[in-house]
Amino acid sequence: MNKEQLLSSLEEVADPRVISAMSHVPRELFLPEPLQSRAYDDTPLPIGRGQTISAPHMVAIMCTILDLQPGMNVLEVGGGSGYHAAVMAELVRPGGQVYSVERIAGLVEAARLNLARAGVENVTVIQSDGSLGLPEHAPYDRISVAATAPSIPEPLKQQLKIEGRMVIPVGEDYQELYLVTRKNGFFAERKMGVIFVPLIGEEGFKDRN
Ligand code: SAH
């Protein structure tokens, strides 16, 4: 697929603002060179260290469910290539900020480089265990988790603002994407079956290596 075909195929699943944001972020800049020609295929692709960049439709769906607005303070858990963070950063401009947490050092460096090359200025990539959230910059209007968790981590819930939203895949062999909304309590809504790499950490799965 080319970029135009991909973007028009997303019209069925995504909000027009999300598609417009995706049209402004060059996905090829977030891929290893040999895979750049496949940047607009609607598929996950390997980014090294056994991890993947999510398929464009998954980024589109998650951003649509999150309802990102200008000025918002956003936490991403599982920064990977930095692509998904870049799309969210576009959606919260002007005035918004994305903190993207990634556990693998090599990917943190690559994501920073990719974001700089793409000219994205409102994403900060931090190396740490995102299953614990990022208390320093909490509370968040929105939290986007790009790795599947055994259950919804309590620290992430606590770092969400009232009226805040979080999207998170939950499950191991069979996973589902949840929308969690915080009001006077927490409300979790199942959205769809999905496939993500595991969230590895204190409030995630244990490291098997
Ligand atoms: N959003 C990414 C997709 C990344 S795949 C993109 O657009 O490219 C999920 C990422 O979550 C992987 O890079 C993996 O290393 C990371 N991850 C897994 N457990 C984590 C944890 N506890 N904290 C932070 N990152 C984690």
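The values are calculated or read from the model by the stated rules, or taken from the named source; none is laboratory data. These numbers were taken from a predicted model, which means no experiment stands behind them. A quick note on method: Cβ atoms are made from the backbone with ideal geometry, for glycine too, and the neighbour counts reach across all protein chains shown. The area values use the complete protein model at the heavy-atom level, side chains included, leaving out ligands, DNA and RNA. Shrake-Rupley method; radii C 1.70, N 1.55, O 1.52, S 1.80 Å.
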Next on the checklist: Using Stokes-Einstein with the Kirkwood hydrodynamic radius over Cα pairs, what translational diffusion coefficient do you get for the chain at 10 °C and a viscosity of 1.306 mPa s, in µm²/s rounded to a whole number?
Outcome noted: 95
Checklist outcome for this item: Distance in Å, no decimals, from the C-alpha centre of region 93-159 to the one of region 22-44 is 20
Checklist entry - Short version: ³J(HN,Hα) in whole Hz for each residue of region 190-195, in order, from phi by Karplus 6.51 cos²θ - 1.76 cosθ + 1.60 (θ = phi - 60°), x for Gly and Pro, what are they? => result 7, 9, 5, x, 9, 10
Item to check | Label-point separation in nm, E11 to E33, each point 7 Å along Cα→Cβ | outcome: 3.7
Checklist entry - What net charge is computed for the residues neighbouring E203, neighbours being all others with C-beta under 9 Å from the C-beta of E203, Lys and Arg scored +1, Asp and Glu -1? => result -3
Checklist entry - Quick one: how many lysine pairs in the chain have C-alpha atoms under 30 angstrom apart, if they're 8 or more apart or on different chains? => result 9
Item to check | Förster radius 41 Å - calculated FRET efficiency between H137 and S23, Cβ distance, rounded to 0.05 | outcome: 0.90
Checklist entry - Efficiency by 1/(1 + (r/R0)^6): what FRET value for K191 and I162, r their Cβ-Cβ distance, R0 = 22 Å, to the nearest 0.05? => result 0.55
Next on the checklist: Given a 1.4 angstrom probe, I'd like the percentage of the accessible area of the chain that is carbon and sulfur, rounded to a whole number.
Outcome noted: 50
Checklist entry - In terms of the Cα gyration tensor, with a ≥ b ≥ c the square roots of its eigenvalues, is region 1-106 rounded because a/c is under 1.5, prolate because a/b exceeds b/c, or oblate? => result oblate
Checklist entry - Relative contact order for the chain: what is it in percent, counting Cα pairs under 8 Å that are at least 6 residues apart? => result 16
Checklist entry - At a probe size of 1.4 Å, how large is the accessible area of K3, to the nearest 10 Å²? => result 60
Checklist entry - Rounded to the nearest 5, what % of the DSSP beta bridges within the chain are antiparallel ones? => result 45
Item to check | Surface per residue (accessible, 1.4 Å probe) for region 3-194, Å² | outcome: 43
